[in-house]
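In what follows, a structure is listed as structure tokens, so that the remarks can point back to it.
The values are calculated or read from the model by the stated rules, or taken from the named source; none is laboratory data. Please read all numbers here as calculations on a predicted model, not as lab measurements. Glycine gets a Cβ as well: all are built from the backbone with ideal geometry, and neighbour counts include every protein chain shown.
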Amino acid sequence: MTQQSSSPALWHDPDRLTAAARLIAPDARLVERLHGLLGLAAQLCEAPAVAIHLITEHQVTLAALNLPDGPVALEHSPSARALASAAAFVEFADDDATALSLSDGTPARHYAAVILRDGQHRPLGTLCVLNAAVQPLPAQQARQLQTLADQVMALFELRLQREDEAGVLRDGQRQVEIAHEQSEAYVRLLLDSASEAFYSIDTEAG
């Protein structure tokens, strides 16, 4: 049985929302690698549909196979509900999962997910598999899904690290530009002062 915490409070936690927002809009290379992991998840879990969802102000689909990729309101999102769980692995069945449908319109009657958590253990989203039939995942498949979820987060962490490093580099370059601009302004001030002094001396001599 899934242990639940206060869903609305967790959904709207500012720190969690900020962390999740940084993962939106992955580049093409990252999307390609995420789809590769989704293909493995579908194969290992024998599931017709898989997705990586982020939970922000609504459910955001970063990558999916055989699932619609549009936004879903939190109250209709099993992934948002899953975030309220204290467990690493969550399963819903029957009516709990029917808020989502497969791409062909077939209702998803079984939902299983691993919670995606960052280095501060904040729940940001899910790696989930869905099935039109109620088919609970065996323990081995649940462990394999967790391994793939770890790979998903490793890719995200690498992307964030690169963005942070690029930001530091841009800040450093800007500081150099500012110092250069200030130096040029100081030199111009000295030259202007020297020119005025020379003009004054020349006038007095004349």
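In the set 47, 9, 82, 87, only one residue is over 15 Å from the mean Cα position of the chain (by Cα), in a helix (DSSP H, G or I) and under 26 Å from residue 133 (Cα atoms); that residue is 82. Filtering the stretch 57-87 to residues that are among the small types (Gly, Ala, Ser), closer than 17 Å to residue 149 by Cα and in contact with a strand residue (DSSP E or B) (Cβ under 6 Å, 6 or more places away or on another chain) leaves 63, 64, 79, 80, 82.
Touching a helix residue (DSSP H, G or I) at 6+ places or on another chain (Cβ under 8 Å) and either without any contact (Cβ under 8 Å) to a residue 40 or more places away in the chain or closer than 18 Å to residue 158 by Cα (or both): does that describe residue 16? Here the answer is no, as residue 16 does not meet what is asked.
Scanning the stretch 34-43 for residues that are in contact (Cβ under 8 Å) with a residue 12 or more places away in the chain and either under 21 Å from residue 140 (Cα atoms) or buried (at least 24 other Cβ atoms within 10 Å of the Cβ) (or both) returns 37, 38, 39, 40, 41, 42. Across the stretch 121-142, not a single residue is classified as under 23 Å from residue 22 (Cβ atoms) and over 17 Å from the mean Cα position of the chain (by Cα).
Of the set (1) touching a strand residue (DSSP E or B) at 6+ places or on another chain (Cβ under 8 Å); (2) charged (D, E, K, R); (3) surrounded by fewer than 19 Cβ atoms within 10 Å (Cβ to Cβ); (4) farther than 19 Å from residue 105 by Cα, all apply to residue 16 but (3).
If you check 51, 20 for being at pLDDT 95 or above and either out of contact with any Phe, Trp or Tyr (no Cβ under 9 Å at 6 or more places or on another chain) or among the hydrophobic types (A, V, I, L, M, F, W, C) (or both), only one passes: 51.
Yes/no matrix, rows are residues, columns are (1) within 18 Å of residue 102 (Cβ to Cβ); (2) not hydrophobic (A, V, I, L, M, F, W, C):
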| site | (1), (2) |
| --- | --- |
| 11 | no, no |
| 22 | no, yes |
| 40 | no, no |
| 48 | yes, yes |
| 56 | no, yes |
| 61 | yes, yes |
| 69 | yes, yes |
| 75 | no, yes |
| 84 | no, no |
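The set of residues in the stretch 44-64 that are farther than 17 Å from residue 11 by Cβ, aliphatic (A, V, I, L, M) and surrounded by 19 or more Cβ atoms within 10 Å (Cβ to Cβ) comprises 47, 49, 50, 51, 52, 62, 63, 64.
When the test is whether a residue is surrounded by fewer than 22 Cβ atoms within 10 Å (Cβ to Cβ) and at pLDDT below 90, residue 150 does not pass it.
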